[in-house]
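See below for the structure under consideration.
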Ligand SMILES: Nc1nc2c(ncn2[C@@H]2O[C@H](COP(=O)(O)OP(=O)(O)OP(=O)(O)O)[C@@H](O)[C@H]2O)c(=O)[nH]1
Ligand SMILES: [Mg+2]
């Protein structure tokens, strides 16, 4: 990248005034942000950008060459299947930041979430549960950043939509002495398009990054209205369904879960309250044309649907799930 080129202060893309259809377009190079960020900030109007992960992996490799502290931000509702994957690229000192605590039920204890990862033998300097939205543990996070940082620079990495830019904006607002910059945030994937350097103060510079794109997340395959519904804005009220063998539930017109084998079982949905869920007669063929995946469930298992949330299943049994073929689902030991 040519560093002489002016970059958008919202998403990091190189600004250009030549081609409306290309990234970084602005009507005038006098502007500080691109047209896409302007529209997002002012009208909540989104324009999806397809981003390849190759560029991001290159960014991660560059970070890996430094000795700088890294904050790995993840969204608690949408934890990755393999939290250590990012470690393949960066061996730096790393703090795992579990964001969006506010959308999990209040009854879920921070200590339980931390223990879940500690028990899985993942190595981080520390695991910290936060909510940028509710300003939960942000002071503590900054204290620990100061403790572990090796140079002025601290990188913020993670999957797209985890809340990296939102976190940095909060840190600017709470602590910055020099910056009034505002990064662009949105419920869409790939909001941030390039690394952005923000000097918080004399001792701390944060570097925002675009985030790994999850092409297997449901958010890539729904329309804007559904995207708004999927993205929880409030604390999730878990919904429990007691199912017997051969009973089924539908989540909107997106997902069908059939309980095919086992004793009476409890299915608790941790998904946005705005999503409609209903029991259907299993003889109905709704969504049966979608791709089917079968799972054998053991005790206390979460069925995770990428980008949507998870279903906690208490007893053992067999289930079939029908969903868009591009969307990944997997099971894990129950988080809650
Ligand atoms: N409920 C809740 N939502 C949050 C929190 N932090 C961020 N969000 C939301 O999560 C979405 C993604 O936030 P961003 O800051 O754009 O995420 P990002 O990691 O920078 O995403 P990319 O730039 O696309 O990689 C936005 O809709 C935010 O409002 C939080 O603590 N709680
Ligand atoms: Mg961002």
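The values are calculated or read from the model by the stated rules, or taken from the named source; none is laboratory data. Treat the numbers as computed from the prediction; the structure is a model and nothing was measured. So basically every Cβ, Gly included, is an ideal-geometry build from the backbone, and we count neighbours across all protein chains shown.
Remarks
- If you check 84, 69, 113, 57 for being closer than 30 Å to residue 223 by Cα and away from ligand 2 (no atom under 16 Å from the Cβ), only one passes: 57.
- Within segment 172-200, being in contact with a helix residue (DSSP H, G or I) (Cβ under 7 Å, 6 or more places away or on another chain) and more than 10 Å from ligand 1 (Cβ to nearest atom) holds for 174, 175, 179, 181, 182, 195, 198, 200.
- Residue check for residue 152: more than 8 Å from ligand 1 (Cβ to nearest atom), over 20 Å from residue 136 (Cα atoms) and touching a residue at least 24 places away in the same chain (Cβ under 8 Å): yes
- Within segment 180-215, being crowded, with 17+ Cβ neighbours inside 10 Å, more than 16 Å from ligand 2 (Cβ to nearest atom) and either in the same structural domain as residue 33 (by TED's automatic domain parsing) or part of a loop (DSSP other than H, G, I, E, B) (or both) holds for no residue.
- Matching residues in segment 116-132 - criterion: being in a helix (DSSP H, G or I) and either surrounded by fewer than 16 Cβ atoms within 10 Å (Cβ to Cβ) or modelled with pLDDT of 90 or more (or both): 118, 119
- Residue in segment 133-149 that is within 11 Å of ligand 2 (Cβ to nearest atom), farther than 24 Å from residue 106 by Cα and part of a loop (DSSP other than H, G, I, E, B) present: no
- Checking residue 113 against (1) touching a strand residue (DSSP E or B) at 6+ places or on another chain (Cβ under 9 Å); (2) part of a loop (DSSP other than H, G, I, E, B); (3) surrounded by fewer than 21 Cβ atoms within 10 Å (Cβ to Cβ), the condition it does not meet: (2)
- Number of positions in segment 304-325 that are within 17 Å of the chain's Cα centre (by Cα), on the phi < 0 side of the Ramachandran plot and not in a loop (DSSP other than H, G, I, E, B): 3
- Flag for residue 10 being surrounded by 12 or more Cβ atoms within 10 Å (Cβ to Cβ), touching a residue at least 12 places away in the same chain (Cβ under 8 Å) and under 21 Å from residue 156 (Cα atoms): yes
- Inspection of segment 92-110 identifies at least one residue that is in a helix (DSSP H, G or I) and more than 24 Å from residue 191 (Cβ to Cβ).
- Only one of the listed residues (70, 49) is in a strand (DSSP E or B), in contact with a helix residue (DSSP H, G or I) (Cβ under 8 Å, 6 or more places away or on another chain) and touching a residue at least 12 places away in the same chain (Cβ under 8 Å). That residue is 70.
- Filtered residues of segment 266-303 (kept if within 22 Å of residue 232 (Cβ to Cβ) and part of a loop (DSSP other than H, G, I, E, B)): 271, 272, 273, 274, 275, 276
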